[in-house]
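Quick notes on the structure that follows.
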Amino acid sequence: MDTTTGAGPGGRAGLLPPPRASRLRTAVAERLVRRALARLPLRVRLAGHEDLGLGGPLMDVSDPATFFRRIGADGLIGFGESYMAGEWDSPDPVGVLTVLADQVATLIPPPLQRLRGLWARRRPAGQLGTQEGARDNISHHYDLSNELFALFLDETLSYSAALFRGFPAEPALLPAAQHRKIDRLLDLAAVGPGTELLEIGTGWGELAIRAAARGARVVSVTLSQEQRDLARRRIRDAGFEDRVEVRLCDYRDVDGVYDAVVSVEMIEAVGADFWPVYFRTLDRRLAPGGRIALQAITMPDDRMRAARNTYTWIQKYIFPGGLLPSVEAIEEVTAAHTALRVERCDDFGTHYAETLRLWRERFTERAADVDALGFDATFRRMWTFYLAYSEAGFRSGYLHVQQMLLTRQETA
């Protein structure tokens, strides 16, 4: 167990050691954080007797000294680690994190934001989306345990935004909402009888099964051996083994030409340095007149560019090497490096917030089962923070999710 990072084998978490930070960094962090919290619609309780904020969701900081020291040492990474370590908590973590996400652009004074490059950590070179790095990055998250994901996902094992008919959503409605999302993507890509379909990012096989049921022939690629093995079993059990091939394969190594390409929330793992390669690959694999349907988590362009080279808590603990694109970045990359153009873009971020709420509530309910799989209390707090942080991003509008149709701009 690597107790210096809090992440052990397979992504399991261990006890987080006390942070190391100079007195100056800690003092500066405490001053900035106190000033920011004092003007937010939060109620921040420090050590049970001092309150900051304008009132709102409660954030209870039981160990202020270590809390400020972690932020002084590692900024927002330290903020997340402080939650993992139990130094702050809340009866409504999504509410707290939604307020923070809504104010993220103004929490730090502009003069200090311009100095971000001097203090923010750079992501490790090993997390770059090279073929070797991509395998390690995907394995870190998706090879954790199929049993773990099954504890909080619905029966479709779909690990992406669902599409509901209305809010609030009930757990029993999640499978139908996931099928609605998948069917909408398959409709965008015009998948039907005889379609040769390439899926980049297999997940646990539900989209491939739905496509095969329409009469398509599917090649689906993934870098997760755990997902590949379970997806193959699920496809076989559904009776579509003759129509779907699941390969353990990097997207860059795919061969053939396809009538349609579908990829659900995979571009987030590619990394900005490799977006041109990713879209050139899609362009090469698409038959004339073909259609590409992507589902992508996005963020505003200015925030994406500000965070592009920053090492974040999500990258350290959840998705190594990940970076959310903006719609503008996708449009720029495709225009500069391919003949592909974004023809349609539909945002349904509020649906992702509901999806994440259902997952988070289920994960909390199944805490004993998570423990039984060998994941400790720090891991559970880490994943609770991840799910709450993500939900807050969509509720605040800081994050979006898009279904995008790309077609080739054919030359005369």
In the list (i) 38; (ii) 52; (iii) 33, the entry giving percent of Cα pairs over 33 Å apart computed from the coordinates is (iii)
For the chain, the dipole about the Cα centre with charges only on Cβ (Lys and Arg +1, Asp and Glu -1), to the nearest 20 debye, works out at 1120 debye
For the chain, longest principal axis from Cα atoms; helix 327-337 axis from its Cα atoms; angle between them, nearest 10 degrees, is 50 degrees
Proxy exposure order for Ser139, Ser62 (fewest C-beta within 10 Å first) is Ser62, Ser139
The farthest towards the positive end of the charge dipole of the chain, of the residues Ala231, Pro64, Leu174, given +1 on Cβ of Lys and Arg and -1 on Cβ of Asp and Glu, is Pro64
Within the under-11-Å Cβ sphere about Glu81, not counting Glu81, Lys/Arg +1 and Asp/Glu -1 give a net charge of +2
If one compares the long axis through the Cα atoms of helix 225-237 with the longest principal axis of the Cα atoms of the chain, the angle in degrees, nearest 10, works out at 50 degrees
From the Cα centre of the range 24-47 to that of the range 171-231, the distance in Å is 46 Å
Between the alpha carbon centres of the range 353-373 and the range 61-95 the gap in Å comes to 21 Å
Expected sort for Thr407, Thr222 with the fewest Cβ neighbours (10 Å cutoff) up front is Thr407, Thr222
Between Gln409 and Ala307, Cβ-based FRET efficiency (R0 22 Å, step 0.05) works out to 0.15
Rounded to the nearest 10 degrees, the helix 349-365 long axis (Cα) sits at an angle to the longest Cα principal axis of the chain of 70 degrees
Most exposed first, judged by fewest Cβ atoms within 10 angstrom, Glu241, Glu265 run Glu241, Glu265
Of Leu324, Leu58, Leu163, the most mobile residue in a GNM of the chain (C-alpha springs, cutoff 10 Å) is Leu58
Note to self, the chain gives a 222 nm [θ] from helices alone (DSSP H runs n ≥ 4, -39500 (n - 2.57) apiece, / all residues, nearest 500) of -13500 deg cm²/dmol
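Any read-out appearing in this document is the output of simple, stated calculations on the displayed coordinates, not a laboratory observation. Everything numeric in this text was worked out from a predicted model, so none of it was measured. No Cβ is skipped: glycine too gets one built from the backbone with ideal geometry, and neighbour counts run over all protein chains shown.
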